[in-house]
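To start, the structure under review is shown below, and the notes come after it.
The values are calculated or read from the model by the stated rules, or taken from the named source; none is laboratory data. Computed from a predicted structure; not experimentally measured. Methodologically, a virtual Cβ is constructed for each residue, glycine included, from the backbone with ideal geometry; neighbour enumeration extends over all protein chains shown.
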Amino acid sequence: MDTIELLGKAQDAVTVNRVFGEPITRDGITVIPAARLTGGGGGGTGRQEGEQPGEGTGGGFGIGAAPAGMYVIKDGEVRWRPAVDINRIILGGQIVAVVALLTVRAVVRMLARSKAFRRR
């Protein structure tokens with residue numbers, strides 16, 4: 001697969017239909033789901049000289065999607081409702097707790113050294 005073909009496939013993978021889902025309508029309310037896309041790609045090289053002419057390496061393209069939220073249309077008014085990632089919230093809380101504990105430990109050690117120094 002050459003680079004032009006790889007880029008064509010990447011372009012086909014990242015379309016508006018991958019970001020926005022099909023609208024869902026029920027009881028006068030329309031919901032349009034939306035996703036967050038991330039992707040990356042790589043290329044390749046080859047050589048025509050040396051011990052093994054024609055040797056080369058290739059590349060590829062990857063894409064990932066996660067829910068971002070949804071647009072809610074009700075009575076002609078559009079509102080954005082973000083998706084809540086509970087796992088990300090829990091991880092953020094854990095990181096804050098660890099940093100707080102390390103900070104408290106450092107302050108306690110500093111105070112203990114300060115008191116020991118004053119006693120001398």
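Return the residue satisfying two criteria in turn: it lies in region 79-120 and is in a strand (DSSP E or B) and touching a residue at least 12 places away in the same chain (Cβ under 8 Å), and of such residues it is surrounded by the most Cβ atoms within 10 Å (Cβ to Cβ). Looking at the filtered set, the residue picked out is Arg81.
Residues of region 59-78 that are in a loop (DSSP other than H, G, I, E, B) and either in contact with a helix residue (DSSP H, G or I) (Cβ under 9 Å, 6 or more places away or on another chain) or under 27 Å from Arg88 (Cβ atoms) (or both): Gly59, Gly60. When Thr103, Thr15 are screened for being out of contact with any strand residue (DSSP E or B) (no Cβ under 8 Å at 6 or more places or on another chain) and at pLDDT 95 or above, only Thr103 passes.
Restricting to region 52-78, what's the tally of residues that are farther than 30 Å from Gly42 by Cα and loosely packed, with under 12 Cβ neighbours inside 10 Å? Full working, then the answer.
At the first step, the residues of region 52-78 found to be farther than 30 Å from Gly42 by Cα are 70-78.
Now narrow it down to the ones that are loosely packed, with under 12 Cβ neighbours inside 10 Å: 75-78.
Qualifying residue count, region 52-78: 4.
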